[in-house]
Amino acid sequence: MLRQPPHHLLACPTCQADTNNGFTPEQQNCTACGQQFFDLQGMPCWFDVGLAQQQLWESLYALAIKSGQNNLERNRQRNLSDMLPSSVKRIHNMDAVNNSIVEAMDVLLNDMGLNKTVHPEFANYDPSRMLQYFELLLRDWAWDGAQHQAESENARELERISAAHKAIDKPLGDTWVIGAGAGRLSADIHHHLKPSHTIALDTNPVLISCAHRLVAQQKPWQLPEIHPGPQLGIPLTKVWPMNAPSYTNMDTWYAVAGNAWRPPLKQHSFDTLITPWFMDVNGREVRDLIGQVQKYLKPGGVWINTGPLLYGPDITDMHRYSHEEIIELLEVAGFEVIYQNKVQSPYLDTPLSEEKRIEQIWTFAAVAPSEFPPTYADINPPAWIVLPHLPIPTNQTFNTHGNPVLEHLVAQVNGTTCINDIADIMRPNLGEDKNPLEVVRGAFLEYLLK
Ligand SMILES: C[S@@+](CC[C@H](N)C(=O)[O-])C[C@H]1O[C@@H](n2cnc3c(N)ncnc32)[C@H](O)[C@@H]1O
């Protein structure tokens, strides 16, 4: 049965039609734009590209299993004749566990009903990204059982969110956890802090399928782990049983596969947005995330962010904002930051190792402006240039220099349009190599505001 979130939170990820205007979750299609979507074992997989996402996943699944089997086959060809019998035993054990990992992935995705088929258009894709966050599966659903409660990263993460929630002092309401990964935090929040609905959204098929399987389907799984570095007195490998704790009230928690930048969700419909360990690794820069959060929160809604700032390699130096800059950006966007906390916490602290990685975790809660547009901070350049999702005010004077293109740009300004909207209008007229946002921003900065 399709586990679809309530209609008031949903919209077509392709054209943004809501359920009154063409998006039909029950049929998994949109009559407004003609897009067709799919589910896996009742988990909505609603991407803006529709069924192409299913073909992509089927291809990645087939390629990942093939690559795992090829590696195992290569290992079997190794010459171990100069190795000690104890070394040979270790190597064979590692091969067997690697084989079990491939089998476990196969079980997970096969049970979700995904076909293992390489579609020609995706034949050259790299499947390794699917396993990029492998340890999160174990951290979320396995290691707690072998740890003292005080060592549980999951318990600490819930405590951080609970403290931010306490500072907000109002119910979480309809909540979207963006980049929910393997789903543990979203499920713990749902069980303990009782939002009315929780949407746990992630784009990674392995992570979100695991969340759906353990929480919604309550179907156990098992996953082996190999620790790459030997530790004295600790086994190198272990097969972990994977179970969700006994949660209650989970019929209003939903795992949804989707893209945070084009989600199947309705704008301005959420009371709370939570971004755990997402701000620095979502493929875009922080200002875009602020815009996206503001777009999906109700006026006066709450954003809770937690995690480090360890920007991915795709983020240039220019966009590696400091904590202070992010707070300033939030204020420019009209948010009121009501809570901040900083702690050092172990990260991916497996019981198979006595070495620890410690990260600095920054948590904040910020309240979105209750009116949109917010008041404009007196900054230079103007707020709507710095944050291109903010409406361009109509009382602004523009100098078009008699240029028809610049006049066309200014004609779009009506008090609600923003630089992002104008960039979307200009997109079809610009070459592939041009970034519409930069072109439009540049036109305002270099000509219209001079
Ligand atoms: C560092 S992990 C954190 C996962 C989880 N929040 C946690 O704390 O364990 C970042 C997550 O963001 C997800 N992600 C990145 N970009 C995304 C996007 N555009 N849409 C949805 N999820 C995304 C990744 O798949 C990954 O699960």
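Among the residues of this structure, Arg284 counts as one that is surrounded by 14 or more Cβ atoms within 10 Å (Cβ to Cβ), charged (D, E, K, R), at pLDDT below 95 and within 22 Å of the chain's Cα centre (by Cα). Annotation note: Cβ proximity below 7 Å between a residue of segment 165-180 that is outside the structural domain of Ala211 (by TED's automatic domain parsing) and within 16 Å of the ligand (Cβ to nearest atom) and a residue that is in a loop (DSSP other than H, G, I, E, B) and of a type outside the set (Lys, Arg) (sequence gap 6+ or interchain) occurs for no pair.
Is one or more of the residues making up segment 67-78 part of a helix (DSSP H, G or I), hydrophobic (A, V, I, L, M, F, W, C) and either surrounded by 14 or more Cβ atoms within 10 Å (Cβ to Cβ) or out of contact with any Pro (no Cβ under 8 Å at 6 or more places or on another chain) (or both)? First the steps, then the outcome.
Initial filter on segment 67-78 (part of a helix (DSSP H, G or I)): 67-76.
Among the residues that remain, those that are also hydrophobic (A, V, I, L, M, F, W, C) are: 72.
Among the residues that remain, those that are also either surrounded by 14 or more Cβ atoms within 10 Å (Cβ to Cβ) or out of contact with any Pro (no Cβ under 8 Å at 6 or more places or on another chain) (or both) are: 72.
Yes, segment 67-78 contains a residue that is part of a helix (DSSP H, G or I), hydrophobic (A, V, I, L, M, F, W, C) and either surrounded by 14 or more Cβ atoms within 10 Å (Cβ to Cβ) or out of contact with any Pro (no Cβ under 8 Å at 6 or more places or on another chain) (or both).
Contact annotation: residue pairs with Cβ atoms under 9 Å, 6 or more positions apart or on different chains, pairing a residue in segment 121-144 that is within 17 Å of Phe278 (Cα to Cα) with a partner that is of a type in the set (S, T, N, Q) and more than 14 Å from the ligand (Cβ to nearest atom), are Glu135/Thr350; Arg139/Thr350.
Condition check: among the β-branched types (Val, Ile, Thr) and free of Cβ contacts under 8 Å to residues at least 12 places away in the same chain. Does Val97 satisfy that? For Val97, the condition - among the β-branched types (Val, Ile, Thr) and free of Cβ contacts under 8 Å to residues at least 12 places away in the same chain - is not met.
Among residues of segment 83-109 being of a type in the set (Ser, Thr, Tyr) and more than 37 Å from the chain's Cα centre (by Cα), the one that is nearest to Gly68 (Cα to Cα) is Ser87.
Of all residues in segment 198-254, count the ones that are assigned to a loop (DSSP other than H, G, I, E, B), polar (S, T, N, Q) and more than 15 Å from the ligand (Cβ to nearest atom). Of the residues in segment 198-254, 6 are assigned to a loop (DSSP other than H, G, I, E, B), polar (S, T, N, Q) and more than 15 Å from the ligand (Cβ to nearest atom). Pairing residues of segment 241-257 that are closer than 24 Å to Phe47 by Cβ with residues that are among the basic types (Lys, Arg) and surrounded by 14 or more Cβ atoms within 10 Å (Cβ to Cβ), at Cβ distances under 6 Å and at least 6 apart in sequence or on separate chains, gives Tyr254/Arg3. Of everything in segment 297-338 that is touching a His at 6+ places or on another chain (Cβ under 9 Å) and within 25 Å of His268 (Cβ to Cβ), the residue that is nearest to the ligand (Cβ to nearest atom) is Ile304. The sole residue among Ile226, Ile199 that is touching a strand residue (DSSP E or B) at 6+ places or on another chain (Cβ under 8 Å) and more than 25 Å from Gln4 (Cβ to Cβ) is Ile226. Going by the structure shown, is Ile315 in the same structural domain as Pro195 (by TED's automatic domain parsing) and at pLDDT 95 or above? When the stated conditions are applied, Ile315 does not pass them. Take the conditions (1) of a type in the set (D, E, K, R); (2) outside the structural domain of Trp303 (by TED's automatic domain parsing); (3) buried (at least 16 other Cβ atoms within 10 Å of the Cβ); Arg160 misses just one of them, which is (2).
When Ala155 is tested against the conditions (1) within 16 Å of the ligand (Cβ to nearest atom); (2) more than 30 Å from Pro299 (Cα to Cα); (3) touching a residue at least 60 places away in the same chain (Cβ under 8 Å), the lone failure is (3). For Ser186, the requirement of being in a loop (DSSP other than H, G, I, E, B) and not charged (D, E, K, R) is not met.
Among residues of segment 255-281 being among the aliphatic types (A, V, I, L, M), surrounded by 19 or more Cβ atoms within 10 Å (Cβ to Cβ) and under 26 Å from Ile361 (Cβ atoms), the one that is nearest to the ligand (Cβ to nearest atom) is Ala260. Just one of the listed residues (Thr416, Thr397) is over 19 Å from Gln292 (Cα atoms), outside the structural domain of Val286 (by TED's automatic domain parsing) and either without any contact (Cβ under 8 Å) to a residue 60 or more places away in the chain or surrounded by fewer than 18 Cβ atoms within 10 Å (Cβ to Cβ) (or both), and it is Thr397.
The values are calculated or read from the model by the stated rules, or taken from the named source; none is laboratory data. Computed from a prediction, not measured in an experiment: that's the story for all the values here. FYI the Cβ positions are ideal-geometry reconstructions off the backbone, even for glycines, and counts take in every protein chain you see.
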